[in-house]
Amino acid sequence: MRNSKRFSLLTVCLVWLLNTSALSGATHLYAQNLVVGVEDVSYYPYFDFAASDTSFSKSVLDKFAADMGHTISYVPLPIKQFSKWLYENNVDFKFPDNKRWQDASESDSHATYFSNSVLYLRAGTIVLARNKDKPAVFFKNLGMVTGFYPTLWIDKIAKKRVSLLDDTSPKVLVKHLVNEIVDGIDIDIAVANHYLKELNANEQLVYSSKLTQEVFGHQLSTIKYPEIIEQFNQWLAKNPEYLKTLKQQFAIPEVLPNKVQLH
């Protein structure tokens, strides 16, 4: 009987040690500094990591890190090298990212893991309200952020039907639109309205009703830490009200995850 009790006590101690080791290992696995590559451009309210003010993306990532016990470091990187960030720079994650932006040659040589979408955005062409119903032939000059890919215009640009005017500043692009230097700009409506307000311009900006639009998501990506991506997905699923409130705080419109919208 005494030996039986001694055996039981040893068993309990062994189980306790194993559980302690497992917990310690989990802490080591998940509590870490997340180095996130971000776009070196002001695209407020979605992101502006070079500024001291916060943004939607920074608020989301900071809260995720805090809730999960991580720390987080942001590394602003040039957009023109976007497809190479995870492979040629010392970063663990990239945000924002999207599967459709992945370079085919890189996807063949590296497995990239993408999170669920943090939010959805509407890709389209912003115009002055009075030009909302202008046909496609109206557009001769298009403004776009330097480094962004003109997905919806690539054929017309290749055929020289549309000229592309790019700039690193969305605010400059909005100013060009207001002054009618360009006929439209390919940036998000929340971004356009933010900089329109800064310019104190007496104009209303809307999406063109005659041009193709797409809906896409902002995702977190990595080639190193798929387990963190899974953790992030679980966190997103548990915090829909927080994300909804944050979008309202930053005046970001609610966009449903439709595939393609044609007008």
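A few comments on the model shown:
- Number of positions in the stretch 195-218 that are of a type in the set (Ser, Thr, Tyr), assigned to a loop (DSSP other than H, G, I, E, B) and within 19 Å of Pro150 (Cβ to Cβ): 2
- If you filter the stretch 152-174 down to residues that are outside any strand (DSSP E or B) and touching a helix residue (DSSP H, G or I) at 6+ places or on another chain (Cβ under 6 Å), you find that the one that is nearest to Asp40 (Cα to Cα) is Pro170.
- Here Ala129 does not fit the description of being of a type in the set (Gly, Ala, Ser), out of contact with any strand residue (DSSP E or B) (no Cβ under 9 Å at 6 or more places or on another chain) and either crowded, with 18+ Cβ neighbours inside 10 Å or assigned by TED's automatic domain parsing to the domain that holds Ile181 (or both).
- So Gln204, is it within 24 Å of Glu39 (Cβ to Cβ), touching a residue at least 24 places away in the same chain (Cβ under 8 Å) and surrounded by fewer than 19 Cβ atoms within 10 Å (Cβ to Cβ): no
- Residue in the stretch 125-133 that is without any contact (Cβ under 8 Å) to a residue 40 or more places away in the chain and over 26 Å from Ser221 (Cα atoms) present: yes
- When His70 is tested against the conditions (1) more than 30 Å from Tyr195 (Cα to Cα); (2) modelled with pLDDT under 95, the lone failure is (2).
- Test result for Val182, among the β-branched types (Val, Ile, Thr), part of a helix (DSSP H, G or I) and in the same structural domain as Ser208 (by TED's automatic domain parsing): no
- Taking the stretch 71-146 as the region of interest, the strands (runs of 3 or more DSSP E) fully inside it that hold 2 or more residues being within 22 Å of Lys224 (Cβ to Cβ) and of a type in the set (Phe, Trp, Tyr) are 93-97.
- The single condition among (1) in contact (Cβ under 8 Å) with a residue 40 or more places away in the chain; (2) touching an Asp or Glu at 6+ places or on another chain (Cβ under 8 Å); (3) under 30 Å from Lys63 (Cβ atoms) that Val191 does not satisfy is (2).
The values are calculated or read from the model by the stated rules, or taken from the named source; none is laboratory data. Just so it is clear, the model here is predicted, and its values are computed rather than measured. Heads up, the Cβs are rebuilt from the backbone with ideal geometry, glycines too, and the neighbour counts pull from every protein chain shown.
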